[in-house]
Amino acid sequence: MYRIKKMKTILHSLSSLNLALFSLLGLLFLTVVGTFDQVNLGIYYAQKKYFESLFITIPLTETIRIPIFLGAAGFGLLLVINISAVIVTRQLMKPAKIGLFLVHVGIIVLLIGGGLTSKLATETQLIIEEGETKSYTQDMRYNELIVSKKVSHDEVQTVSFPVKSVKEGDVLSQKELPFDLKIQKWTENAGLTFVSVEENESAFPIPSKGSAQHVQVLPKPIAVKDTIINFNTALVAVHDKKSNALIGTFLVSRGIDNAQKLKWGNETFYLQIRPKRYYTAYQLTLKEFSHDLYPGTNKPKNFSSLLSLYDPESDLSRDVLIYMNHPLRYKGKTYYQASFGKNDTLSVLQVVENPSWLLPYISSLIITLGLLIHFAQSMATF
């Protein structure tokens, strides 16, 4: 009896209007602060700090952070709990209140959909030139350390390691490789300068092998502007997997386009840090990019990409035209026209994949249905 009474007290506290107002005001506060802080952090990092986190934290030491305020995800979770408690305490499951029940359920679905989108959705880019064919998109923020080798004229075998959580001292190993990679030095961002070996005063030891012995590495703070790329940089020691003997050290960086060549017996491997790739089962070929201007001006009128889509799984082959407000939607990915380059011969497509994209539509339908039922019941009672 005591436990039931205590449970009812807790549910009534969780369903209080004060908790709902506290959560809504907290979200309003974060929206204002986060929007203004975009000037300093950029859109991406402001979103991570204020809107995708349970708590907003500040660093106490290099490895310890302490929470100082709820993030938007935390306030959203409070709202879900509050609305769920309202459904139970107000007994909205009754037939007479089915309209209000659906409205509350719809709001919960909407909040959950927003949370899932922030965690599951990915935004990548397809950077493609006229005549080029690609079956992957790439992430412009997260990189990967790859080891590749050519196994035939058209086939390259690649082993990749995400560098999002890499730190000094990590040993990267895969059964496909005859050697292990040890991260001797690591920095999230670096300034890179080409100098002679004699003048190299790099913060990293000069690598013993590879083509980057003339690269000077100076660690830099992480760049938060949306238009600036962080040059993840690592000094990698290659060890024989069986004897653990050191084969050599190589410098790899997001800022170095050339892959570092590693000779292993009769085989040649290549080491490189590049943007993380997301491969597709289909391929796209850019046939033509169009950049139209208003007559007599430099004002853009239209950007469009004519692509050929080929999917060997379904034997589908067709042309698609992507332009403003007319994206390509295929197999869970949406391709938007974003930018261009190389004298209008290169197209940049923003690619969004959101597994929970249907939830906002479902929640809207549930809320609309609930309001209609509630209105009809109120009219009938009247």
| request: Please work out which one of (1) free of Cβ contacts under 8 Å to residues at least 40 places away in the same chain; (2) assigned to a loop (DSSP other than H, G, I, E, B); (3) over 30 Å from N40 (Cα atoms) is the condition A223 fails and give its number. | output: (3)
| said: Criterion first (at pLDDT 90 or above and closer than 28 Å to Y361 by Cα) does V33 satisfy it? | reply: no
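Please work out if Y278 is farther than 30 Å from N189 by Cβ and surrounded by 12 or more Cβ atoms within 10 Å (Cβ to Cβ).
On the way: farther than 30 Å from N189 by Cβ: no; surrounded by 12 or more Cβ atoms within 10 Å (Cβ to Cβ): yes.
Considered against the rule, which asks whether it is farther than 30 Å from N189 by Cβ and surrounded by 12 or more Cβ atoms within 10 Å (Cβ to Cβ), Y278 comes out as no.
Within the group I66, I112, I81, which residue is under 23 Å from the mean Cα position of the chain (by Cα), surrounded by fewer than 19 Cβ atoms within 10 Å (Cβ to Cβ) and farther than 30 Å from M379 by Cβ? Show your work before the answer.
Values: I66 fails: under 23 Å from the mean Cα position of the chain (by Cα); I81 fails: under 23 Å from the mean Cα position of the chain (by Cα).
Being under 23 Å from the mean Cα position of the chain (by Cα), surrounded by fewer than 19 Cβ atoms within 10 Å (Cβ to Cβ) and farther than 30 Å from M379 by Cβ holds for just one of I66, I112, I81, which is I112.
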| request: Could you list all residues from region 5-23 that are open to solvent by less than 100 Å² (accessible area, probe 1.4 Å) and not hydroxyl-bearing (S, T, Y)? | output: I10, L11, L14, L19, A20, L21
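For region 84-96, which positions are within 19 Å of L371 (Cβ to Cβ), free of Cβ contacts under 8 Å to residues at least 24 places away in the same chain and open to solvent by 20 Å² or more (accessible area, probe 1.4 Å)?
Within region 84-96, M93, K94, P95 qualify.
Just need a number here: residues in region 222-251 that are out of contact with any helix residue (DSSP H, G or I) (no Cβ under 7 Å at 6 or more places or on another chain) and among the charged types (D, E, K, R). Break it down stepwise before answering.
So in region 222-251, the residues out of contact with any helix residue (DSSP H, G or I) (no Cβ under 7 Å at 6 or more places or on another chain) come out as 222-223, 227-251.
Still in the list and also among the charged types (D, E, K, R): 240-242.
Qualifying residue count, region 222-251: 3.
Every residue, every condition in (1) of a type outside the set (S, T, N, Q); (2) in contact with a strand residue (DSSP E or B) (Cβ under 9 Å, 6 or more places away or on another chain); (3) part of a strand (DSSP E or B), yes or no:
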position: F269; (1), (2), (3): yes, yes, yes
position: I273; (1), (2), (3): yes, yes, yes
position: R277; (1), (2), (3): yes, yes, yes
position: S304; (1), (2), (3): no, yes, yes
position: V320; (1), (2), (3): yes, yes, yes
position: R329; (1), (2), (3): yes, yes, yes
position: F340; (1), (2), (3): yes, yes, yes
position: S363; (1), (2), (3): no, no, no
| query | In this structure, does S305 turn out to be farther than 30 Å from Y45 by Cα and buried (at least 19 other Cβ atoms within 10 Å of the Cβ)? | reply | yes
| said: Looking at G131, G191, G169 in this structure, which one is of a type in the set (G, A, S) and either in contact (Cβ under 8 Å) with a residue 60 or more places away in the chain or within 28 Å of Q283 (Cβ to Cβ) (or both)? | reply: G131
| request: Would you tally the residues in region 313-342 being touching a Pro at 6+ places or on another chain (Cβ under 8 Å) and either over 15 Å from N354 (Cβ atoms) or among the polar types (S, T, N, Q) (or both)? | output: 2
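Out of N343, N298, N266, report the one residue that is under 30 Å from L181 (Cβ atoms), out of contact with any Ser or Thr (no Cβ under 7 Å at 6 or more places or on another chain) and either without any contact (Cβ under 8 Å) to a residue 60 or more places away in the chain or surrounded by fewer than 17 Cβ atoms within 10 Å (Cβ to Cβ) (or both). Reasoning before the result, please.
Details: N343 fails: under 30 Å from L181 (Cβ atoms); N298 fails: under 30 Å from L181 (Cβ atoms).
On inspection, the qualifying residue turns out to be N266.
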| task | Specify the residue that is least open to solvent (accessible area, probe 1.4 Å); the eligible residues are those in region 36-63 that are out of contact with any helix residue (DSSP H, G or I) (no Cβ under 8 Å at 6 or more places or on another chain) and closer than 24 Å to L120 by Cβ. | result | G42
| query | For region 184-205, does any single residue satisfy the condition of being touching a Phe, Trp or Tyr at 6+ places or on another chain (Cβ under 8 Å), part of a loop (DSSP other than H, G, I, E, B) and either within 26 Å of A73 (Cβ to Cβ) or open to solvent by less than 70 Å² (accessible area, probe 1.4 Å) (or both)? | reply | yes
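Suppose we keep only residues that are of a type in the set (K, R) and assigned to a strand (DSSP E or B) within region 232-263. Which one would you say is least open to solvent (accessible area, probe 1.4 Å)? Can you show your working first?
The first filter runs over region 232-263 and keeps only residues of a type in the set (K, R), leaving 241-242, 254, 261, 263.
Now restrict to residues that are assigned to a strand (DSSP E or B): 261, 263.
Details: K261: 113, K263: 136 Å².
The selected residue is K261.
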| Failed criterion for F161 (all others in (1) free of Cβ contacts under 8 Å to residues at least 24 places away in the same chain; (2) open to solvent by less than 80 Å² (accessible area, probe 1.4 Å); (3) outside any strand (DSSP E or B) hold) | (3)
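The values are calculated or read from the model by the stated rules, or taken from the named source; none is laboratory data. Because the structure is a prediction, the values reported are computed rather than measured. Neighbour counts are summed over all protein chains in view; Cβ atoms, including those assigned to glycine, are modelled from backbone coordinates with ideal geometry. The accessibility values were calculated without ligands, DNA or RNA, using every heavy atom of the protein model including side chains. Shrake-Rupley method; radii C 1.70, N 1.55, O 1.52, S 1.80 Å.
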